[in-house]
Amino acid sequence: QEPFVADEYIERLAWRTPGGGSRGGEAFDPKRLLEEFVNHIQELQVMDERIQRKVEKLEQQCQKEAKEFAKKVQELQKSNQVAFQHFQELDEHISYVATKVCHLGDQLEGVNTPRQRAVEAQKLMKYFNEFLDGELKSDVFTNSEKIKEAADIIQKLHLIAQELPFDRFSEVKSKIASKYHDLECQLIQEFTSAQRRGEISRMREVAAVLLHFKGYSHCVDVYIKQCQEGAFLRNDVFEDAAILCQRVNKQVGEIFSNPETVLAKLIQNIFEVKLQGYVKDQLEEHRKSDAEQYLKNLYDLYTRTTNLSSKLMEFNLGTDKQTFLSKLIKSIFISYLENYIEVEIGYLKSRSAMILQRYYDSKNHQKRSIGTGGIQDLKERLRQRTNLPLGPSIDTHGETFLSQEVVVNLLQETKQAFERCHRLSDPSDLPKNAFRIFSMLVEFLCTEHIDYALETGLAGIPSSDSKNANLYFLDVVHQANTIFHLFDKQFNDHLMPLISSSPKLSECLQKKKDIIEQMEVKLDMGIDRTLNCMIGQMKHILAAEQKKTDFKPEDENNVLIQYTNACVKVCGYVRKQVEKIRNSMDGKNVDTVLMELGVRFHRLIFEHLQQYSYSCMGGMLAICDVAEYRKCAKDFKIALVLQLFDTLHALCNLLVVAPDNLKQVCSGEQLANLDKNILHSFVQLRVDYRSARLARHFS
């Protein structure tokens with residue numbers, strides 16, 4: 001048995017033999033084991049011989065069966081060859097019979113076709129004779145139920161009559177034509193009645209008969225007319241049209257052999273009659289009297305018409321249904337779309353002007369002319385170079401003349417104009433038309449509103465030496481910044497998609513860049529002059545509040561204040577202006593303007609402190625003032641400004657330090673890099689500077 005392992009087999013045999021499995025123990029008997037092995041070998045030899053005889057017997061039996069099987073296969077092959085030959089003979093015989101049958105069929109058809117034609121011709125001649133005699137006796141003409149057969153006959157007679165000479169057969173030709181016309185009318189009437197009854201099968205039969213008549217198109221017209229009866233009862237003609245076409249599309253294939261042509265004719269009729277009339281009524285009413293309503297209606301009607309066209313694209317209307325529907329839409333709107341952009345620009349111009357004028361009227365403000373050319377250009381160039389106010393200052397009473405409501409209204413009008421432009425403009429004219437709308441936005445929003453407010457704001461900035469000046473230009477900056485973000489958003493969201501792939505893109509970007517640069521120049525100029533005014537206000541506070549005795553008190557031992565009144569008022573003013581700047585600007589502009597204000601503020605305090613002489617106690621008070629100024633400078637959150645005031649605070653220590661320590665203080669970290677003249681100028685402010693001891697120590 002498999003698997004067979006000889007070692008294991010011998011081992012098992014040894015263990016079964018008494019005295020053969022102890023492997024050298026006392027009970028081990030080698031002779032008995034040898035005897036067992038010899039006996040077992042003999043048994044195996046006998047078994048081998050027996051199995052060998054059985055194998056030889058099986059081999060002989062297998063060879064015998066193989067010979068018998070081979071003989072049987074040969075016999076089957078011979079039988080198969082005989083059968084195949086019989087099949088070939090049968091196939092040849094079938095082909096021969098089939099050829100004979102086809103030939104016989106052709107012969108029969110050749111005999112039968114002329115016979116049928118002769119019979120048909122005989123019938124037609126019989127019916128023709130009835131027309132010739134003037135009396136129709138045949139049942140086919142008198143029985144109304146056989147109108148289909150009569151129609152077939154009269155249609156053939158009508159074709160024959162057209163070939164006959166008029167002079168000899170004029171009367172019979174007219175009778176046939178009259179009967180042709182009567183039958184045609186009867187069929188159309190029958191079709192109409194069947195349509196009203198809703199009998200689709202009867203309509204299909206009559207339509208099939210009428211297909212060969214000249215009045216077939218009239219049958220289609222009747223069908224189209226009756227389909228529309230009661231279909232347009234609601235206010236929404238477009239929805240009614242879609243429902244009607246959907247219903248007819250399901251039905252028309254069951255009636256006509258050319259359903260796509262019939263459905264296309266129905267759609268054409270709806271567009272050219274129903275929709276065109278509806279569009280004309282809606283648009284002509286407002287075309288000359290109300291441009292806003294006219295544009296809204298035009299956009300709405302065109303959108304709904306194109307949406308209807310998209311729904312109709314699902315139906316089978318022939319090969320090029322896209323072109324077919326586009327032509328129908330164009331035929332309705334061409335007279336309105338030709339001059340659309342002129343109406344749009346005219347309306348946008350008048351509407352924008354009205355929005356602005358209404359705003360200025362609400363402010364009781366008469367808009368002043370900014371002026372161009374000549375003197376004005378010269379003033380503008382001088383102002384940009386010198387930053388000086390040219391002409392009288394205008395009191396705006398805190399009004400910025402900028403309105404987010406006005407801006408939102410202008411942007412909303414322009415947004416709607418862009419949407420209409422996208423929908424109503426020809427693709428080739430779209431970028432050009434969008435640019436014209438953008439130009440209107442630039443003119444009224446940027447030039448007439450923002451730029452005018454900047455000019456007015458600039459004119460309203462008082463001179464730097466004015467007292468108690470109200471500074472409103474930062475409010476103008478804040479609102480102009482907000483407005484321009486809205487303008488930029490509309491540029492990206494609504495204009496860019498219309499011009500992104502056209503040459504007008506670069507033109508629009510350049511126009512936008514120019515207007516930004518123009519505004520930035522005026523904003524920079526106004527901010528600079530506003531900062532000058534702030535410094536001027538600080539000068540007035542210092543001049544009015546700072547006294548010489550503040551830093552050289554009469555009683556050195558009786559000074560009760562921590563810092564001077566001038567310092568308190570200046571710091572209070574500066575903090576308000578810093579907060580105002582933060583609220584008026586965003587981004588890096590805040591840091592830039594605050595740094596400029598901080599530098600000017602430091603310069604003012606630096607120059608202011610050099611106007612006084614300082615006693616020991618006065619110097620301490622000056623240090624306290626500068627410490628308060630430095631605390632105020634921290635609100636700027638600008639490293640440079642804080643550094644400047646740190647240095648100024650260190651300089652003020654020179655006003656109180658002992659003469660023996662002057663050199664040590666001057667060589668300190670904060671003062672070591674300063675010009676010696678600056679250090680000397682501060683030391684000179686000390687009351688005791690003239691003493692020989694101090695002069696000697698500092699030299």
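Through the Karplus equation 6.51 cos²θ - 1.76 cosθ + 1.60, θ set to phi - 60°, convert the phi angles of segment 512-522 into ³J(HN,Hα) values in whole Hz; use x for Gly and Pro.
Along segment 512-522, the couplings run 5, 4, 4, 5, 5, 4, 4, 5, 4, 4, 6 Hz.
Using the basic label-point model (7 angstrom from Cα toward the beta carbon), what is the Q77 to Q670 distance in nanometres?
It is 12.2 nm.
What does the convex hull of the alpha-carbon atoms of segment 199-291 project to on average, in nm²?
In nm², the orientation-averaged hull projection of segment 199-291 is 7.1.
Accessible area of T192, 1.4 Å probe, to the nearest 10 Å²?
The accessible area of T192 comes to roughly 20 Å².
Can you order the peptides 60-73, 531-544 by their average number of other Cβ atoms within 10 Å per residue, highest first?
So the peptides 60-73, 531-544, ranked by packing, come out 531-544, 60-73.
Short version: ³J(HN,Hα) in whole Hz for each residue of segment 665-672, in order, from phi by Karplus 6.51 cos²θ - 1.76 cosθ + 1.60 (θ = phi - 60°), x for Gly and Pro, what are they?
For segment 665-672, the Karplus-derived couplings read 5, 5, 8, x, 4, 7, 10, 4 Hz, x marking Gly and Pro.
For T323 and H286 in the same chain, what is the full-extension length gain: residue separation times 0.36 nm, less their Cα-Cα distance, in nm?
Working it through step by step, the gained length comes to 10.3 nm.
Could I have the simple spin-label model distance between N258 and I678, label points 7 Å from Cα toward Cβ, reported in nm to one decimal?
Each label point lies 7 Å from its Cα, and together they span 9.9 nm.
Round to the nearest 0.05 the FRET efficiency obtained for L13 and K67 when R0 = 51 Å and r is the Cβ-Cβ distance.
0.70
Taking K296 as the anchor, which lysines have their alpha carbon closer than 27 Å to its alpha carbon, excluding any fewer than eight residues away along the same chain?
K274, K280, K288, K311, K327, K330, K349, K415, K432, K489, K504
Run the 1.4 Å probe and let me know the accessible area of E199, rounded to the nearest 10 Å².
70
What full-extension length gain, to one decimal in nm, is calculated for R582 and Q643 as 0.36 nm per residue of separation minus the Cα-Cα distance?
Additional length available on full extension: 19.9 nm.
Just to be sure I understand the model, the point goes 7 Å from the Cα along the line to the Cβ. What's the resulting C185 to Q85 distance in nm?
That separation, rounded to one decimal, is 8.2 nm.
Using the Karplus curve 6.51 cos²θ - 1.76 cosθ + 1.60 with θ = phi - 60°, what ³J(HN,Hα) values do you get for each residue of segment 41-53, in whole Hz, with x for Gly and Pro?
Once rounded to whole Hz, the list reads 5, 5, 4, 5, 5, 4, 5, 5, 5, 5, 5, 5, 5.
With a Cα-only, solvent-free Debye model of segment 400-521, what are the log10 I(q)/I(0) values at q = 0.13, 0.14, 0.15, 0.20 Å⁻¹?
Each listed q maps to, in turn, -0.56, -0.62, -0.69, -1.07.
In segment 552-697, what is the count of Lys pairs whose alpha carbons are under 23 Å apart, counting only pairs at least 8 residues apart or on separate chains?
Count of close lysine pairs: 17.
Per-residue accessible area for R32 at 1.4 Å probe radius, Å² rounded to 10?
120
Would you mind calculating the gained length between S506 and E399 on full extension (0.36 nm times residue separation, minus the Cα-Cα distance), in nm to one decimal?
That works out to 34.9 nm of additional length.
Determine, from the Cβ-Cβ distance of N235 and T592 and an R0 of 51 Å, the FRET efficiency 1/(1 + (r/R0)^6), rounded to the nearest 0.05.
0.25
What are the extents of the Cα atoms of segment 482-629 along their three principal axes, in Å, largest first?
Computed over segment 482-629, the largest-to-smallest principal extents equal 82, 21, 19 Å.
Going by amide H atoms built from the backbone, whose H comes under 5 Å of the H on Y614, apart from near neighbours?
Under 5 Å from the amide H of Y614 lie the amide H atoms of R686, V687, each far enough along the sequence or on another chain.
The values are calculated or read from the model by the stated rules, or taken from the named source; none is laboratory data. Just so it is clear, the model here is predicted, and its values are computed rather than measured. No Cβ is skipped: glycine too gets one built from the backbone with ideal geometry, and neighbour counts run over all protein chains shown. Heads up: the accessible areas ignore ligands, DNA and RNA and are worked out on the full protein's heavy atoms, side chains in. Shrake-Rupley method; radii C 1.70, N 1.55, O 1.52, S 1.80 Å.
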